[in-house]
């Protein structure tokens, strides 16, 4: 029978030595992680009002109103420090952001502004008011959500593969999450509840990516006992075989996120930009963090044998 | 092929069923027709056949007002302790222990003072009549500190939330906002959503009102200027309090807290069993709000609990809106006796800590009717007064809230912004699908198109499930959908790569197909399951937009396992394996 030819980007016989050069990339990643964490503490996140509490509102004036006049009205309403950003060039639309000082947002800034200016002279199409207490609770539950999902994922990998595989997957996962958080810090994008959703989705993707290669290794070892040297070769071979899939999946997912990054605005746009970054970092970390780490864990434990569970 | 017919039938039936579930939503959003829950004989035939459940759009897509409310638990707690103190006192009196003294201290504890040596009897009473409700904090020879039991405290809080939910539902029903959604969020918050609402001020006002009504005897105030205490003394104490504590009556502090602190401050100066409240009035000339202090007997003659009905009408004298009450027979009887006993005194009508008016009782009032006059200061327009009369009678009729509700979160999305979001969301979804279609078509040819078909079916299944469960589709939900589609693509890529591997080894098409699915399955399952775990954690996270994202993602992941693995396999088996083709477009 004649062999079928396929349209493909990565040739079948590709055999790049990924594992051999892993040290350089681990150092690179370590540097990036240190830089991200340093920036988190020096520059800090641009937390959205979801976490800090405060008011964000869009105000459309029926008549042109100068920014100074808007500021004057806001200080009458008890928010002299509010930021006023013009959204058009003709002094009609403004985005107003104010930190909140009280847990209770009852008679909130938009209500006061309507009263001061006159409800018929302006239109407030969008309002977000969050009390600082709710914001604090939310921050805490976001941290918990991240913690629990990482824990669950680790347990799952331990059950389905081998305990020795779990540190690699976790290291790769943490790597991706820290770098994406760093991405938020560097770009100054608002870190709000949607950002947490992005982080959790990236966590899912990152682990999925790692699992595909782990699955290959598992199949290739097939429940047999192998030594460290052959484990390294096997892992490298697995990466090469799945390279085409890694490229395609990451490529398509990235491509399908791009329209969102272009057509949507606001939080969803930020979400998709973070996703794009996360997908790239996730693919990288599988190859250069998760896979080598498995071998290192094995080396640390001495010349033992690896026995993975059967799929 | 084993069970091929059965599998083909499953796929066709599931597709048809999804289309069936989605039709009402298409009718609604495309043609503006809603399938009614109960059909009438005159309806078109398809109304009888189709389900009435439609896809609900989140507030971020259709616009509206979203509120998260908390409740002032300190007030709830204080009310509960005061009630328990009264019950304890009654029990003690019934047991002939009249020389005990009961009061509630500032830490919400009941202080019982008794002749030395009778402490044992107090503990007996509490153990016998209030097990798991009260507990001892501290006991000495002649005094006991009793606090509310933690279990009962939780019960009280739960009841406060339940009662608030009930009251809010009544109020919003009466106000006539269709499709409002009022639900508990966690254990201590209430979420309220109003689709399509533009001006939140009036709704927020209706929600915020506690609607606590009481009739109390006036001991001092503008109608009783000589007190005791005298009106000028009273004013100077209030001023003193504001200067010493820095609290202001219309400052940052909630009004009820301001009042509580003030009454603590003047507790030794005003007569026992009384409290200070204010009458709010807008000065016609200066347009400034003035607060006039009153000293009132704390024990009410009658409260809102004795109210049977409240409605608004117009004062025959000046044609201004007024609110009328009708008390229950029991309430009317109480009112009759109390007014008879207090002829010549002034009686304050207090609504939500505001002294509305304080008329003098000229004679015994039978029949249980009373009236609140609004806008005697003339500073507001007739329309404003009319709305206030309507709203006041509404909140009185629908019952009081157990305590003040606190606005913790307020989000308002204009309908046009929602429309923009729908358009951009749909656009990006369609472009995303198109990109995958073209890409997969080029790379995997006909097989790639099969995968894209499965993707489209995946999206349809997710939407159909959401319509059937009446789940809410939000903007983050659309993002979640896009992401599931990514996972589905991955599943097919994995399968196809394995198939190619087998074909490269020179294996036959039939073998390659079955091996491709077999080998790829473990990776697909593990990948999906881990993402499902992340989704479940998100769901447990329990916050609006994140929940929307998690729900779509979870439904999508399960659906993608079905479409990307089961449905595509059926297509391959039907068109390739069953027809014994020797080549595969891959």
For the residue pair residue B:250 and residue A:39, what label-to-label distance in nm results when each label sits 7 Å from Cα along the Cα-to-beta-carbon direction? 4.8
With a 10 Å cut-off between alpha carbons and a GNM built on chain A, which of A:252, A:165, A:47 moves the most? A:252
For chain B, what is the largest minus smallest coordinate of the Cα atoms on each principal axis, given in angstrom and ordered from greatest to least? 108, 64, 51
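When the Cα atoms of the stretch A:54-130 are enclosed in a convex hull and the volume is divided per residue, what value in Å³ results?
74
Taking 2.2 N^0.38 Å as the expected size of a compact globular protein, what ratio does the Cα radius of gyration of the stretch A:1-135 give against it, to two decimals?
Cα Rg divided by the expected 2.2 N^0.38 Å: 1.86.
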State the extension gain, in nm to one decimal, for the chain segment bounded by residue B:363 and residue B:285, taking 0.36 nm per residue of separation less the distance between their alpha-carbons. 24.5 nm
Using the Kirkwood radius over C-alpha pairs as Rh, can you work out the diffusion coefficient of the stretch B:212-397 via Stokes-Einstein at 37 °C, viscosity 0.692 mPa s, in µm² per second? 189
Roughly speaking, what is the stretch gain from residue B:105 to residue B:140, that is 0.36 nm per residue apart minus the C-alpha to C-alpha distance, in nm to one decimal? 11.0 nm
Distance from the stretch A:1-80 to the stretch B:122-162 (C-alpha centre basis), Å: 53
Span from the the stretch B:337-354 Cα centroid across to the the stretch B:473-515 one, whole angstrom: 78
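Computed FRET efficiency, Cβ-Cβ of residue B:566 and residue B:28, R0 25 Å: what is it to the nearest 0.05?
The pair residue B:566/residue B:28 has a calculated efficiency of 0.25.
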Relative to the longest principal Cα axis of chain B, at what angle does helix B:4-31 sit, 0 to 90 degrees, rounded to 10? 50
What FRET efficiency would be calculated for the residue pair residue B:309, residue A:63, taking the C-beta separation as r and a Förster radius of 35 Å, to the nearest 0.05? 0.15
Taking the protein assembly as shown on its own, what percent of its Cα-Cα pair distances exceed 48 Å? 40
Rg/Rh (Cα only; Kirkwood hydrodynamic radius) as it applies to the stretch B:415-577: 1.02
How large is Rg/Rh for the stretch B:398-448, to two decimals, with Cα atoms and a Kirkwood Rh? 1.49
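Give the peptides A:51-64, A:126-139 in descending order of average Cβ contacts within 10 Å, highest first. Don't skip to the end; give the middle numbers.
Values: A:51-64: 18.9, A:126-139: 20.8.
Answer by packing, highest mean first, reads A:126-139, A:51-64.
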Once the Cα atoms of helix A:132-160 and of chain A are each reduced to a long axis, what angle between those two axes, in degrees from 0 to 90 to the nearest 10, is obtained? 10
Between the modelled labels at residue A:8 and residue A:230 (7 Å from Cα along Cα→Cβ) the distance in nm is 2.5
Other chains' Cβ within 10 Å of B:476-483 residues: what's the mean? 6
A convex hull over the alpha carbons of chain A yields, per residue, a volume in Å³ of 174
Order the peptides B:524-531, B:301-308 from the highest to the lowest mean number of other Cβ atoms within 10 Å of their residues. B:524-531, B:301-308
With N set to the number of residues, divide the alpha-carbon radius of gyration of the stretch B:291-419 by 2.2 N^0.38 Å and report two decimals. 1.27
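Which FRET efficiency value, to the nearest 0.05, is calculated for residue B:434 and residue A:88 with the Förster distance at 41 angstrom and r the Cβ-Cβ distance?
Between residue B:434 and residue A:88 the formula returns 0.80.
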Given C-alpha coordinates of the stretch B:436-495, what is the ratio Rg to Rh with the Kirkwood estimate of Rh? 1.05
Applying a 10 Å radius around every beta-carbon, put B:324-332, B:577-585 in order of their mean neighbour count, most first. B:324-332, B:577-585
Computed [θ] at 222 nm, deg cm²/dmol, chain B (DSSP H ≥ 4; -39,500 (n - 2.57); rounded to nearest 500): -17500 deg cm²/dmol
For chain B, take the longest principal axis of its alpha carbons; what is the angle in degrees between that and the long axis of helix B:382-397, to the nearest 10 within 0 to 90? 90
What does the convex hull of the alpha-carbon atoms of the stretch B:302-360 project to on average, in nm²? 4.7
Bin width 5 Å, origin at 0, all Cα-Cα pairs of the stretch B:73-154: what percent of pairs per bin? 3, 15, 30, 28, 16, 6, 2, 0
Here the Cα Rg-to-2.2 N^0.38 Å ratio for the stretch A:229-305 is 1.49
On the first, second and third principal axes, largest extent first, how far apart are the outermost C-alpha atoms of the stretch B:1-137 in Å? 91, 45, 34
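Since every read-out is calculated from the coordinates, none of them should be taken as a lab result. Everything numeric in this text was worked out from a predicted model, so none of it was measured. Neighbour counts are summed over all protein chains in view; Cβ atoms, including those assigned to glycine, are modelled from backbone coordinates with ideal geometry.
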